[in-house]
Amino acid sequence: MAGYPSQPGTALRPIAVYVGGSTLTSTIPGLSIAGPSPEGTLYTPTLDLEYLTLGLPRTMNVIPMTPDGLPTPALITRAALELIKVPYLVVDAGTYYGIKAPHVRLPSARHGGNIAEGPAMPRGTARSLFEEARTLGRLISRGHDLVLIGETIPGGTTVAAAIMSAAGLDGVSYVSSASPDNPKDLKRQVVSKALSRVSEGSDIFSIVDAVGDPVHVTMAGVALGAMEEGAMAVLAGGTQMGAVLAILKGVGADTSKVSLWTTKWILNDETSNIRAIAEAFDVRDLEGSEVDFSDSPFEGLRMFERGFVKEGVGAGGTMVLAAKMGFDANSVKSAIYSEYKRLRNLGSA
């Protein structure tokens with residue numbers, strides 16, 4: 001990225017925003033592995049953002065990794081943030097269980113419904129969330145030249161596929177999964193049911209109310225608000241960012257000015273196509289972190305190299321930001337390994 005500093009401590013002035021929310025779509029059996037059970041996925045955004053902020057979840061007394069050692073991607077984000085010392089903000093756009101950590105909750109925050117069964121949100125909710133987030137984006141951009149926006153929403157790739165499909169793309173073919181086995185057939189069934197409720201000629205907010213969720217429209221609002229204040233808007237995420245871009249395009253924003261930073265695991269994922277998403281929305285800055293866990297001493301982290309998790313909670317974008325600030329991949333990995341050991345030791349205790 002031309003013009004940005006390459007050494008730690010130089011003049012880059014970023015701020016990061018991590019948006020959490022829930023969609024009951026994640027409770028459809030077989031759709032999401034981002035939780036211990038379909039119903040357990042509703043806890044994930046809450047636990048992710050509490051851990052990110054406090055170092056451990058508060059709503060449940062759990063260590064945020066599976067029994068076989070696979071951690072939440074929030075571990076990567078937290079470690080990178082501790083390394084680069086960038087200010088950040090947690091936003092509740094509609095978590096199912098709330099967040100017991102310092103955060104901003106949007107006035108219109110509410111969780112999304114199961115889009116296979118009914119509307120995602122009451123009419124008018126998407127527009128309200130967007131405008132509230134837009135105001136927030138403007139406010140936090142003052143004094144910052146880059147706003148990085150990440151997400152945590154299990155089931156988000158399916159809902160994002162529905163938003164992209166309603167906007168004219170084959171969304172299901174583009175999106176990834178937290179599992180190595182991307183359940184495309186199930187996603188297509190869900191999206192097909194959802195799209196049956198979308199009227200021809202619907203505006204983007206009507207589409208999100210019908211088949212979307214609270215997170216992607218909130219991210220779009222923050223991004224537009226940041227751009228209006230002259231800051232660079234960076235979407236820190238995977239294929240779900242296609243939904244954010246579709247919303248931005250739907251309100252007339254210039255998506256060619258939006259950056260998309262992710263992980264190498266998303267860029268290399270053969271079951272999805274983030275490059276096609278970037279091309280569809282004329283995104284000119286698509287980047288992936290070079291961090292690789294092939295030589296990690298921890299099996300749980302090596303699982304990322306086998307297609308598990310891939311992205312989430314702004315992990316890829318936050319690692320790319322660290323690189324922009326002059327921290328090499330080994331420094332970032334060292335920070336991640338230290339945080340992993342801390343959590344593993346807490347689990348053993």
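The values are calculated or read from the model by the stated rules, or taken from the named source; none is laboratory data. Just so we're clear, the structure is a prediction, and the values are computed from it rather than from any experiment. Backbone-built Cβ (ideal geometry, glycine too); neighbour counts: all protein chains shown. Surface areas here come from the heavy atoms of the whole protein model, side chains and all, with no ligands, DNA or RNA. Shrake-Rupley method; radii C 1.70, N 1.55, O 1.52, S 1.80 Å.
State which residue is nearest to residue 155 (Cα to Cα) when the search covers only the stretch 312-336 and only residues that are touching a Leu at 6+ places or on another chain (Cβ under 8 Å), open to solvent by 10 Å² or more (accessible area, probe 1.4 Å) and of a type in the set (A, V, I, L, M). Reasoning before the result, please.
Step one: filter the stretch 312-336 for residues touching a Leu at 6+ places or on another chain (Cβ under 8 Å), giving 313-314, 317-318, 321-322, 324-325, 327, 331-332, 335-336.
Filter once more, so that each one left must be open to solvent by 10 Å² or more (accessible area, probe 1.4 Å): 324-325, 327, 331, 335.
This time we only want the ones that are of a type in the set (A, V, I, L, M), so: 325, 335.
Details: 325: 32, 335: 29 Å.
The qualifying residue nearest to residue 155 (Cα to Cα) is 335.
Could you check the stretch 253-265 and list, in sequence order, the residues that are under 18 Å from residue 322 (Cα atoms) and either assigned to a helix (DSSP H, G or I) or open to solvent by 10 Å² or more (accessible area, probe 1.4 Å) (or both)? Can you show your working first?
Start the filter on the stretch 253-265 by keeping residues that are under 18 Å from residue 322 (Cα atoms), which leaves 259-265.
Scanning the stretch 253-265 gives 264, 265.
Report, by residue number, each residue of the stretch 122-160 that is in contact with a helix residue (DSSP H, G or I) (Cβ under 7 Å, 6 or more places away or on another chain) and polar (S, T, N, Q).
125, 135, 141, 152, 158
Give me the residue from the stretch 157-180 that is surrounded by fewer than 17 Cβ atoms within 10 Å (Cβ to Cβ) and free of Cβ contacts under 8 Å to residues at least 60 places away in the same chain and, out of that set, nearest to residue 309 (Cα to Cα).
Pass one, the stretch 157-180, residues surrounded by fewer than 17 Cβ atoms within 10 Å (Cβ to Cβ): 168, 170, 173, 180.
From what's left, free of Cβ contacts under 8 Å to residues at least 60 places away in the same chain: 168, 170.
Numbers: 168: 27, 170: 23 Å.
Only one residue tops the list, namely 170.
Scan the stretch 122-144 residue by residue and report those that are at pLDDT below 95 and either in contact with a Ser or Thr (Cβ under 7 Å, 6 or more places away or on another chain) or not small (Gly, Ala, Ser) (or both). Give the derivation first.
If we filter the stretch 122-144 for residues that are at pLDDT below 95, which is where we start, we get 142-143.
Within the stretch 122-144, just 142 meets the criteria.
Quick check on the stretch 29-44. Is at least one of its residues in contact with an Asp or Glu (Cβ under 7 Å, 6 or more places away or on another chain), part of a loop (DSSP other than H, G, I, E, B) and open to solvent by 10 Å² or more (accessible area, probe 1.4 Å)? It would help to see each step written out before you state the result.
Going residue by residue through the stretch 29-44, those that are in contact with an Asp or Glu (Cβ under 7 Å, 6 or more places away or on another chain) are none.
Within the stretch 29-44 (the criterion being in contact with an Asp or Glu (Cβ under 7 Å, 6 or more places away or on another chain), part of a loop (DSSP other than H, G, I, E, B) and open to solvent by 10 Å² or more (accessible area, probe 1.4 Å)), the answer is no, since none of the residues qualifies.
Does the stretch 145-178 hold any residues that are assigned to a helix (DSSP H, G or I), among the polar types (S, T, N, Q) and closer than 25 Å to residue 105 by Cβ, and which are they? Spell out how you get there, then give the answer.
Within the stretch 145-178, the subset assigned to a helix (DSSP H, G or I) is 156-166, 171-174.
So of that shortlist, the ones also among the polar types (S, T, N, Q) come out as 157-158, 165, 173.
Residues satisfying the conditions are 157, 158.
Yes or no, residue by residue, for (1) outside any loop (DSSP other than H, G, I, E, B); (2) among the small types (Gly, Ala, Ser); (3) touching a Cys at 6+ places or on another chain (Cβ under 7 Å):
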site: 107; (1), (2), (3): no, no, no
site: 110; (1), (2), (3): no, no, no
site: 114; (1), (2), (3): no, no, no
site: 120; (1), (2), (3): no, yes, no
site: 126; (1), (2), (3): yes, yes, no
site: 131; (1), (2), (3): yes, no, no
site: 136; (1), (2), (3): yes, no, no
site: 143; (1), (2), (3): no, yes, no
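Quick check on the stretch 280-288. Is at least one of its residues outside any loop (DSSP other than H, G, I, E, B) and open to solvent by less than 20 Å² (accessible area, probe 1.4 Å)?
Scanning the stretch 280-288, I find no residue that is outside any loop (DSSP other than H, G, I, E, B) and open to solvent by less than 20 Å² (accessible area, probe 1.4 Å), so the answer is no.
Identify, from the list 339, 305, the residue that is of a type in the set (D, E, K, R), in contact with a Lys or Arg (Cβ under 9 Å, 6 or more places away or on another chain) and surrounded by fewer than 24 Cβ atoms within 10 Å (Cβ to Cβ).
Being of a type in the set (D, E, K, R), in contact with a Lys or Arg (Cβ under 9 Å, 6 or more places away or on another chain) and surrounded by fewer than 24 Cβ atoms within 10 Å (Cβ to Cβ) holds for just one of 339, 305, which is 339.
Identify, please: which residue in the stretch 63-90 is of a type outside the set (Phe, Trp, Tyr) and farther than 24 Å from residue 293 by Cα and is, among those, least open to solvent (accessible area, probe 1.4 Å)?
Among those residues, the one meeting the criterion is 90.
Given (1) modelled with pLDDT of 95 or more; (2) over 21 Å from residue 208 (Cβ atoms), identify the lone condition not met by residue 347.
(1)
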